[in-house]
Amino acid sequence: MSQTVLLAEDDRAIRHALERALTLEGYRVTAVADGVEALAQAHTSPPDVLVLDVMMPGIDGLQVCRVLRAEGDRTPILMLTALVETQDRIAGLDAGADDYVVKPFDVEEVFARLRALLRRTGQAGAAADVPKPEEAPEQAPERALEAAGLRLDPQARRAWRGERELELTRTEFELMELLVRNAGIVLDHATIYDRIWGYDFGPGSKNLAVYVGYLRRKLDEPGAPPLIHTVRGVGYVLRED
């Protein structure tokens, strides 16, 4: 069963080209021209994943994202943006987006990021392959993870530094969980990309650096040592110096 994509893009040429490419790739696509239509469609026929242009007239992509997240909608969201500054990308993450692609983009990169988002949310496989709840084997609940003053509950997807609970997006939580599980071990860029996104976007991508920076801002506290350290030319490590 093919996955459904809700595409919101006000540029007609980009919208039609991306709609056609996604359809040829096997997705069932609903394409709309603005944020108002996107919200209406998301409410009436919830998709498996949303692709939202940031800059749209009226209600833009960031506002659409904020509304859906405020409603408790956790559908994965991929943002399309012509804004390349780090602060602009952070604004998208702040709004609750899961990933972004910078224009002009290669359609293969869009496909790769969509596949990664759908894998992480359990939508990539056919529905027939998923066992019914009563058929699923019982598993013991996973214990909380702790390292460097951080604590994570993988099942509840909650995280704390000391007594302070952290408000994390899906990607931030998965990145933090990966670092905590490998505390003290330097993880190279390729490994992190593969584990979090399922795809290595190459040395020119700033995606990982943006997410690490955003996670650092949520973890770090005044007067306390930083927890995520950069190993230049290699990757990142979680440790309490």
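The values are calculated or read from the model by the stated rules, or taken from the named source; none is laboratory data. The model shown is predicted, which means the values in this text are computed figures rather than measured ones. We place every Cβ from the backbone using ideal geometry, glycine too, and count neighbours over all the protein chains shown. For accessibility, only protein heavy atoms count, side chains too; no ligands or nucleic acids. Shrake-Rupley method; radii C 1.70, N 1.55, O 1.52, S 1.80 Å.
Structural remarks
- Average accessible surface for the chain: 52 Å² per residue, computed with a 1.4 Å probe over protein heavy atoms with every protein chain in place.
- Distance between the modelled labels on R164 and R20, one decimal in nanometres: 5.1 nm (7 Å Cα→Cβ projection).
- Cβ charges +1 (Lys, Arg) and -1 (Asp, Glu), total dipole of the chain, debye: 300 debye
- Between the stretch 21-94 and the stretch 150-178, the Cα center-to-center distance that results, in Å: 25 Å
- Helix-only [θ]222 nm of the chain, DSSP H runs n ≥ 4, -39500 (n - 2.57) each, per residue, nearest 500: -11500 deg cm²/dmol
- Amide H contacts of D34 (H built 1.01 Å from N, under 5 Å, at least 5 apart or other chain): E9
- Length gained on full extension, T44 to R157, computed as 0.36 nm times the residue gap minus the Cα-Cα distance: 37.9 nm.
- Relative contact order [Cα under 8 Å, 6+ residues apart], the chain, whole percent: 13 percent
- Split the accessible area of the stretch 161-241 by element, probe 1.4 Å, and carbon with sulfur accounts for 49%.
- Given a 1.4 Å probe and the protein chains as shown, V51 ends up with an accessible area of around 0 Å².
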